[in-house]
Ligand SMILES: [Zn+2]
């Protein structure tokens with residue numbers, strides 16, 4: 001199957017209005033109520049493409065105009081060793097990262113690559129701006145690689161403490177520029193910096209969770225799993241920072257229900273956070289749509305204390321229409337808190353039993369599964385998807401020579417708009 005431009009419309013989940021995808025909207029111009037916009041694909045029954053197509057084997061349900069070279073796709077297999085250890089009979093592992101023997105070929109080691117290839121595939125010939133991405137690390141690495149390989153101008157905003165996450169197996173093309181907020185700042189400070197960059201002419205935000213391509217790129221994890229299971233999973237485990245991956249999983253579930261060939265069950269979202277950084281956990285356990293926002297100093301302190309650094313988003317899309325709260329309510333989901341120690345043990349167990357290393361965030365997800373099994377939240381014969389959002393990185397790094405992206409400039413924690421303008425124009 002060759003790629004042909006995907007047919008889709010864009011609709012607003014708040015007012016139900018339809019909008020044009022021209023100009024790459026990140027929100028609805030017709031209403032004020034906070035809510036996501038969503039792609040509505042022409043093809044209601046997905047046809048999976050061949051493996052050689054990489055991520056674009058899921059292009060029927062990706063809002064893309066063209067394909068890029070070098071993408072990898074999530075792969076799914078049925079677990080034997082970990083399943084046996086936990087007494088589970090129907091555990092499936094969706095693996096994003098580097099595991100060539102299993103067909104997993106994401107050279108940046110995490111499912112952020114799915115987002116990057118989808119977002120850049122959505123950008124047509126009319127895209128003229130420099131793309132701006134704020135990230136705690138993994139997302140920046142993914143976008144850097146995709147943009148470097150495909151000659152797309154990119155500005156990355158990353159906290160200085162996280163730049164060791166920007167490793168690559170070859171030097172990057174200079175269309176990719178890195179700007180940092182100084183040591184001691186966090187992901188939120190990097191987001192604020194990216195906002196100031198985007199206020200300048202010629203720069204445009206990638207949009208994060210609001211970008212339909214980003215969510216549908218992440219949704220391919222569930223499509224991969226449903227293809228392998230030939231069914232919609234009953235239980236879905238993932239560690240979350242912004243929760244965008246879980247929202248995307250829910251959107252994929254709804255499309256699969258509409259497809260009709262994968263069953264009609266809802267997929268219970270069991271998402272996890274890393275103690276002590278627990279704003280989603282706390283908000284959910286308190287109940288209600290309102291999100292408990294952490295103040296800056298508390299958030300930075302807590303973010304420093306967790307192993308899953310990428311799980312420390314202070315302002316996740318929780319309350320808005322189509323956001324994480326809605327997804328958890330609709331699927332009767334839950335949020336699980338995992339300690340650093342539980343995560344480390346779970347990561348080691350996964351490596352021992354399944355045979356590959358997993359990222360700290362993914363080890364949080366493995367630990368949440370172990371907790372849920374011990375608590376009896378999932379039945380032993382439940383049809384379970386474990387989303388390993390990153391893995392094989394240690395292995396990839398040990399097998400390749402590593403190059404690290406260096407910052408073009410390091411800003412203070414909260415630079416002024418003038419200062420940002422001056423540096424970016426230089
Ligand atoms: Zn609207």
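At a glance:
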quantity: P(r), alpha carbons of segment 286-362 - 5 Å bins starting at zero, rounded %; calculated: 3, 13, 18, 18, 18, 16, 9, 4, 0
quantity: Fraction of alpha-carbon pairs over 15 Å apart in segment 360-407 - percent; calculated: 61 percent
quantity: Computed Rg/Rh of segment 256-318, alpha carbon atoms with Kirkwood Rh; calculated: 1.14
quantity: Helix-only mean residue ellipticity at 222 nm for the chain, each DSSP H run of n ≥ 4 adding -39500 (n - 2.57), per residue, nearest 500; calculated: -10000 deg cm²/dmol
quantity: Cα centroid separation - segment 1-21 against segment 215-278, whole Å; calculated: 20 Å
quantity: Translational D in µm²/s for segment 91-198 (Stokes-Einstein at 25 °C, 0.890 mPa s, Kirkwood Rh from C-alpha pairs); calculated: 169 µm²/s
quantity: Alpha-carbon Rg/Rh ratio, for segment 1-50, with Rh computed the Kirkwood way; calculated: 1.07
quantity: Segment 1-160: translational diffusion in µm²/s, Stokes-Einstein, Kirkwood Rh over Cα pairs, 37 °C, 0.692 mPa s; calculated: 186 µm²/s
quantity: Rounded to whole Å, sorted largest first: equivalent-ellipsoid semi-axes of segment 152-243, Cα gyration tensor; calculated: 31, 16, 16
quantity: Share of alpha-carbon pairs per 5 Å distance bin for segment 1-87, given as whole %; calculated: 3, 13, 17, 15, 13, 12, 11, 8, 5, 3, 1
quantity: Against the rule of thumb 2.2 N^0.38 Å, how large the Cα Rg of segment 48-114 comes out; calculated: 1.27
quantity: Long-range Cα-Cα pairs in segment 174-213 (distance over 12 Å), rounded percent; calculated: 67 percent
quantity: Percent of C-alpha pairs per 5 Å bin, segment 268-426, short to long; calculated: 1, 8, 14, 16, 16, 15, 12, 9, 6, 2, 1, 0, 0
quantity: Percent of Cα pairs exceeding the 16 Å cut-off, where the set is segment 215-333; calculated: 59 percent
quantity: Mean Cβ neighbour count within 10 Å, used as a protection proxy, ranking 297-305, 337-345 highest first; calculated: 337-345, 297-305
quantity: Translational diffusion of segment 383-426, µm² s⁻¹ [Kirkwood Rh, Cα pairs; Stokes-Einstein; 25 °C; 0.890 mPa s]; calculated: 165 µm²/s
quantity: Evaluated at q = 0.23, 0.34 Å⁻¹: base-10 log I(q)/I(0), Debye formula over Cα of segment 330-372; calculated: -0.69, -1.19
quantity: Relative packing of 181-187, 213-219, 392-398, which averages over residues the other C-beta atoms within 10 Å, highest first; calculated: 213-219, 181-187, 392-398
quantity: Cβ-Cβ FRET estimate between residue 40 and residue 330, R0 fixed at 22 Å, reported to 0.05; calculated: 0.75
quantity: Column: log10 I(q)/I(0), Debye, Cα scatterers of segment 77-139, q = 0.18, 0.27, 0.28 Å⁻¹; calculated: -0.81, -1.11, -1.13
quantity: Largest-first principal axis extents of the Cα set of the chain (Å); calculated: 60, 46, 46
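Read the figures in this text as sums done on the coordinates, not as results from a lab. Predicted, not measured: the structure shown is a model, and the values here were computed from it. Note that each Cβ is placed from the backbone with ideal geometry, even for glycine, and that neighbours are counted across all protein chains shown.
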